[in-house]
Amino acid sequence: MLTAILHAVAAWPPPVVLAAASALLIVESGSLLGILLPGTTLLVALGLWTVAAPDALALAVAVAAVATVTGAHLGWLRGRSGAASGRLADARIQLASTWLAERGRPATAMLLACGHWAAAARPVLPRVAGAAGVPYRMVGPVLIVSGSGWAATLVLLGNRVGAFVVTTAAWVPILLVAVLVTALALRSRFG
């Protein structure tokens, strides 16, 4: 069944798949609505799609990286311009901005880099950095390196895991049942 789904999705035109993924990643990384969107899952699914469309792997990595970095930069610009959604968000962003400004440049760069790897932090931290007045000369390179690394890692992981699942799909349900039974047995024994 998984192989049939992969082949059906592989038949979709790559520009459609990549444009949809790009739009979702820009929104996910660049707006507060992104907290609700599954960016990590989308990248793994994009990698899985490349198993059935192998010629699109490099393009999928590039599009994902550009889209997530673009979204993060848009978030920083929105924070820089003072854009927030309501008084509650404005107060919380101001509090977070003050906290971030007190950390210093190296800690701020590290938080931005690590934040791109955490789902809820990805759309928030660039906006907070913008609101805190963190300069673009520091934010830009951090967002480019971290965002590109995040996108490439997850698309390639989806591609490798996808290849494994496609070739051994019959074993996956059996393995899941074995893990579940073992976990329940250990819980009843030691829990």
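The values are calculated or read from the model by the stated rules, or taken from the named source; none is laboratory data. Being a predicted model, the structure only gives us computed values, none of them experimental. Because the Cβ atoms are built from the backbone with ideal geometry, glycine has one as well, and the counts that use them run over all protein chains shown. Please note that ligands, DNA and RNA were not included when accessible areas were found on the heavy atoms of the full protein model with its side chains. Shrake-Rupley method; radii C 1.70, N 1.55, O 1.52, S 1.80 Å.
The criterion of being at pLDDT 75 or above, open to solvent by less than 60 Å² (accessible area, probe 1.4 Å) and out of contact with any Asp or Glu (no Cβ under 7 Å at 6 or more places or on another chain) does not hold for Gly34. The set of residues in the stretch 51-67 being at pLDDT 90 or above and buried (at least 17 other Cβ atoms within 10 Å of the Cβ) consists of Ala56, Leu57, Ala60, Val61, Val63, Ala64, Ala65, Val66, Ala67. Scanning the stretch 104-123 for residues that are touching a helix residue (DSSP H, G or I) at 6+ places or on another chain (Cβ under 7 Å) and either in contact (Cβ under 8 Å) with a residue 40 or more places away in the chain or outside any loop (DSSP other than H, G, I, E, B) (or both) yields Arg105, Thr108, Ala109, Leu111, Leu112, Ala113, Gly115, His116, Ala119, Ala120, Arg122, Pro123. Return yes when Ala169 is touching a Leu at 6+ places or on another chain (Cβ under 9 Å), at pLDDT below 85 and loosely packed, with under 15 Cβ neighbours inside 10 Å and no when it is not. So Ala169 passes the test. Residue count for the stretch 67-80, restricted to those that are over 15 Å from Thr40 (Cα atoms) and not hydroxyl-bearing (Ser, Thr, Tyr): 8.
Across the stretch 79-91, the qualifying residues are those that are open to solvent by 50 Å² or more (accessible area, probe 1.4 Å) and more than 23 Å from the chain's Cα centre (by Cα), and the one among them that is modelled with the lowest pLDDT is Leu88. Of all the numbered requirements in (1) open to solvent by 30 Å² or more (accessible area, probe 1.4 Å); (2) more than 18 Å from Gly34 (Cβ to Cβ), Thr70 misses one, and that requirement is (2).
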